[in-house]
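The values are calculated or read from the model by the stated rules, or taken from the named source; none is laboratory data. Worth saying up front: this structure is predicted, and the values here are computed from it rather than measured. As a convention, Cβ positions derive from the backbone with ideal geometry for all residues, glycine included, and neighbour counts pool all protein chains shown. For accessibility, only protein heavy atoms count, side chains too; no ligands or nucleic acids. Shrake-Rupley method; radii C 1.70, N 1.55, O 1.52, S 1.80 Å.
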Amino acid sequence: VVNMLAPLVTKKEATAGNKIELTYDGNLNPSCSPARFILKLDGLVRDLSSCSVSGSVVSLSLSTTNPGNLISGGITVTLEYTTSVSSGQIKSTTGVSAAPFTGGVINTLVPKIHNATVQTGGTTVELRYHGAVEGSPFGVG
């Protein structure tokens, strides 16, 4: 039996810096085009420089030539996938095109700083975050 259902996005995540990952519900053909996506950071359209596929994950990279393209805590990241461009469609391994999606907010995996304090002596800065910070030995932020 050949699966003829359109691939669906199950998870959207943005990480610190310039990476966005989309996880689909099945494996994909290994081609895509950044021109198919419209990315907005705090409502401003930003350039994507690359798009790659590995298994069921589509990885997008923002152009690093513009400092405004960096993903940081506290910003709203939205992404659309369009079928208006003729090449580079995301497809399942059986050749079924992924459906377009619009304007969904992406989970930003960047903790937002709650406050910063310079410690006595001025050689140490203590940062407190909202939420847990990956790598924290105590599992707290």
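So in region 85-95, with the set limited to residues that are open to solvent by 30 Å² or more (accessible area, probe 1.4 Å) and not polar (S, T, N, Q), which one is farthest from Ala14 (Cα to Cα)? Full working, then the answer.
Start the filter on region 85-95 by keeping residues that are open to solvent by 30 Å² or more (accessible area, probe 1.4 Å), which leaves 85-87, 89, 91, 93-95.
Filter once more, keeping what is not polar (S, T, N, Q): 85, 91, 95.
Values: Val85: 24, Lys91: 22, Gly95: 27 Å.
So the residue we want is Gly95.
All but one of (1) in contact (Cβ under 8 Å) with a residue 24 or more places away in the chain; (2) outside any loop (DSSP other than H, G, I, E, B); (3) over 14 Å from Thr108 (Cα atoms) hold for Leu22, so report the exception by its number.
The one condition Leu22 does not meet is (3).
Do we find that Val58 is part of a strand (DSSP E or B), modelled with pLDDT of 90 or more, in contact with a Pro (Cβ under 6 Å, 6 or more places away or on another chain) and closer than 14 Å to Ser92 by Cα in this structure?
no
When the residues of region 97-108 are filtered to those that are at pLDDT 80 or above and open to solvent by 20 Å² or more (accessible area, probe 1.4 Å), which remaining residue is nearest to Lys11 (Cα to Cα)?
Selected residue: Phe101.
Just give me the residues in region 42-84 being out of contact with any Asp or Glu (no Cβ under 9 Å at 6 or more places or on another chain), of a type outside the set (Phe, Trp, Tyr), within 28 Å of Ala6 (Cα to Cα) and surrounded by 19 or more Cβ atoms within 10 Å (Cβ to Cβ), in sequence order.
Hits for region 42-84 are Leu48, Cys51, Leu79.
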